[in-house]
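Have a look at the structure below, then the notes.
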Amino acid sequence: MIELNVAIKDKYYENSETAVLSQLDFKVNSGEFLAIIGPSGCGKTTLLNMISGLESCVGQHISYSSNSSGNRFKKNDLASDCSKSEYLENEQANRIGYIFQQPRLMPWLTVRENIELVLDPTQFNKIEGLLAEVGLAQKGDYFPSQLSGGMQRRVSIARAFAINPQLLLLDEPFNSLDAPTAGRLRKLLLDLCREKKTTVVFVTHDLQEAIYLADRIIFLSDSPCTIIHESIINFPKPRTESGIAELEFQAKLTRQFPLLLAGKID
Ligand code: ADP
C-alpha cells in the first residue's frame, strides 16, 4: 500500500502571472479514499497531473512511500522537487493508475487491445478475468464505438486496475453518465479498491458522491487554489447514496458552509 504526501508552494503555468495552486499541503494515508472537491477551473486536474507526473512539479514536494513488499521504503523524502523521471524510477514499487474524465480509449483498438497497451505480454492472460470483474466478460473483441458510455468507463476502470495500481487517481470519472449507471460504477470502484487495498485520490464536484465514496474530503478554494476545509466521513461502508446519515451529513455541512462548493468558507 502507498501513502502520498503533497506540499505545493505554488504552481504557475508558463506565460501566466498568477498561480494555479498555492500552499496546498495534504497527506493521503495507505488505503485511504480521499475525495477532493473544488469549483470548476480551480486546479483539480492540474493537481492530479502533478501527482501522476504528467505535469511538471519542479520546486514542489510530492512524495510517496510504500510498504507493499514488507520493506517500508520512502522515496523522494528529502527532495525539494520532483519530476516525471523520478516517478518512473521504482516503477514497480509505485504504480499509479489514472482514470480521466473521458474514458480515453483508442477507437481503432478492441477492448482487449486497449488493456494490452498498459501490460507486459506476459500479463495478457489476466485480461479476461479483469473484464469479467468489471462486468464485460465476452466483450474483449468489441471496439469502443460498439459500447455504451457506461461500458467504455468500465473498460477504463479495467485498464487502470490492470497494472495493480497502488495509488489510483480519478478525475470526475462518472460525469455525464445517467444516475443508475454512475451508481453501479461507484459501487464497482469501491469493491475493487477494497479488494486491492488501493490508495485513492478522487476529484469530483458532487458532494453526495464524495460522501458516499470517501473516508475524507478536502475542499478547495477558487484559483489560486488552496485547502479551505476538510471533513472526515467516518460512518461505516458500504453506504447508501441517499441514506439518511449521508444526507444529514451533507445537509449539515452545506448549512454550516453555504458557499463551500463555490470555494468559499464564509
Ligand atoms: P479544474 O480541473 O479544477 O477544472 P484545471 O486544473 O483544469 O482546473 O485548470 C486550472 C487553471 O489552469 C485554469 O485556469 C486553466 O485554464 C489553467 N490551465 C490548465 N492547464 C493549463 C495549461 N496546460 N497551460 C496553461 N494554463 C492551464
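The values are calculated or read from the model by the stated rules, or taken from the named source; none is laboratory data. Everything quoted here is computed from the prediction, not taken from an experiment. Cβ coordinates were reconstructed from backbone atoms using ideal geometry, including for glycine residues, and neighbour counts include every protein chain displayed.
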Pairs, first closer than 18 Å to Leu136 by Cβ in region 179-198, second of a type in the set (A, V, I, L, M, F, W, C) and surrounded by 17 or more Cβ atoms within 10 Å (Cβ to Cβ), C-beta under 6 Å, six or more apart: Ala182/Phe174; Leu185/Phe174; Leu192/Phe161
All positions within region 28-43 that are of a type outside the set (Val, Ile, Thr) and either within 14 Å of the ligand (Cβ to nearest atom) or on the phi > 0 side of the Ramachandran plot (or both): Gly31, Ala35, Gly38, Pro39, Ser40, Gly41, Cys42, Gly43
Number of positions in region 220-266 that are in a loop (DSSP other than H, G, I, E, B) and either in contact (Cβ under 8 Å) with a residue 24 or more places away in the chain or exposed (fewer than 13 other Cβ atoms within 10 Å of the Cβ) (or both): 21
Within region 133-151, considering residues that are over 26 Å from Thr199 (Cα atoms) and among the charged types (D, E, K, R), the one surrounded by the fewest Cβ atoms within 10 Å (Cβ to Cβ): Asp141
Residue list for region 165-207, filter: within 16 Å of the ligand (Cβ to nearest atom) and part of a helix (DSSP H, G or I): Leu207
Candidate set from region 177-190 (those that are farther than 17 Å from Tyr98 by Cα and among the charged types (D, E, K, R)); member that is nearest to the chain's Cα centre (by Cα): Lys187
Residue satisfying all of: in region 194-205; of a type outside the set (Ser, Thr, Tyr) and at pLDDT 95 or above; surrounded by the fewest Cβ atoms within 10 Å (Cβ to Cβ) among these: Val203
Unique residue being of a type in the set (D, E, K, R) and buried (at least 19 other Cβ atoms within 10 Å of the Cβ) when the list is Arg184, Arg154: Arg154
Near pairs, Cβ below 9 angstrom, 6+ apart or cross-chain, from region 1-27 (more than 17 Å from Ile227 (Cα to Cα) and within 9 Å of the ligand (Cβ to nearest atom)) to any residue that is of a type in the set (Val, Ile, Thr) and in a strand (DSSP E or B): none
